[in-house]
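Please read the structure below before turning to the comments.
Derivation of every value follows stated rules applied to the coordinates shown; laboratory data play no part. This is a predicted model, so every value here is computed, not measured. Positions of Cβ are generated from backbone atoms using ideal geometry, with glycine treated the same way; all protein chains shown enter the neighbour counts.
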Amino acid sequence: MDLFFRKSMIALSGLFLCVFLIVHLSANCILVLPEEMARELYNAYSTTLRESPLIKIVAYVLYLSIIVHVVYAVLVTVRNRRAKPTSYAVNHSNENSSWASQNMMLLGLFVLLFIVVHLANFWARIKLGMGEAVGTDAHGYVDVYEVTYSLFQNIYYVVFYSVLMIPLGYHLHHGLKSAFKTLGFYHKTGLAVIVKVAVVYALVMSIGFGLIPFIVYFK
Ligand code: HEM
């Protein structure tokens, strides 16, 4: 299959995942509010999303995007390695590209590890009903706040969630820039803006997601 098609699939699914993360971080900011406000708001928000038919379709697009992104990234990496089986005696790659760009697969594997553990912690319990049953709050909403709050009473999970936001940040920073280039966006000033936006975006996502577990832990 055409390399451009594969790379475009990685870029498009990646951009969709970037938009999801903005919405997801905004919702998770509720967790830092005082408990009496946060519990009701977070549970009401989460229930509304789960019950909306439109959001259910978006959720399937999200799962498909994760699968497409991972599968095509593996296919492109394997193809590139096969095309360059021998390492050159003199390797100028460091001069030509950043560390993150050369290690996107490794960074992506850390992000995937995070997503697998994260989905087991939340999605499998809340959506699939696996593991310990989830209760309801005073308003009858599924108590997703309690699932989050109790998980982040465990310092190992707090550290796991926060530390893995570092590879996520590097992956997002390089991924966002290269997605636009892959899709043919080569406008000079436009690219300079995207480079700056990518830095801000990656910092906000990694610091935002990385701080929330600590804030909940010390609440
Ligand atoms: C502070 C960090 C985070 C918290 C507290 C958090 C919390 C949650 C919760 C509570 C759910 C289940 C929502 C529900 O079904 O009602 C969820 C789902 C999910 N989270 Fe996170 N999340 C965090 C970070 C992340 C990050 C960094 C990613 C991606 C890299 C991510 C990806 C997902 C995905 C893909 C789902 C499934 C969404 C769905 O089924 O609609 N989360 N998260």
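Each residue of segment 14-26 is assigned a 3J(HN,Hα), and the resulting list reads x, 5, 5, 5, 5, 5, 4, 5, 4, 5, 5, 5, 4 Hz, derived from the Karplus form 6.51 cos²θ - 1.76 cosθ + 1.60 (θ = phi - 60°), x at Gly and Pro. 3J(HN,Hα) along segment 173-182, derived from phi through the Karplus expression 6.51 cos²θ - 1.76 cosθ + 1.60 where θ = phi - 60°, amounts to 4, 6, x, 5, 5, 6, 4, 5, 5, 4 Hz, with x in place of Gly and Pro. Pairs exceeding a 30 Å alpha-carbon distance, out of Lys84/Lys177; Lys127/Lys219; Lys127/Lys177; Lys7/Lys196: Lys127/Lys177. Averaging the sequence gap over all C-alpha pairs within less than 8 Å and six or more residues apart, then dividing by the number of residues, gives segment 130-219 a relative contact order of 40 percent. Based on Cα contacts under 8 Å between residues 6+ apart, the chain shows a relative contact order of 31 percent.
Of Ile22, Ile55, Ile115, the residue with the greatest mean-square motion in the GNM of the chain, using alpha carbon springs below 10 Å, is Ile55. When each of the peptides 5-14, 196-205 is scored by how many other beta carbons lie within 10 Å of its residues on average, the order from highest to lowest is 5-14, 196-205. When the Cα atoms of the chain are aligned to their principal axes, the ranges along those axes come out at 64, 36, 35 Å in descending order. Summing charges over neighbours of Tyr145, with a neighbour being any other residue whose Cβ is under 9 Å away from its Cβ, gives -4 when K and R count +1 and D and E count -1.
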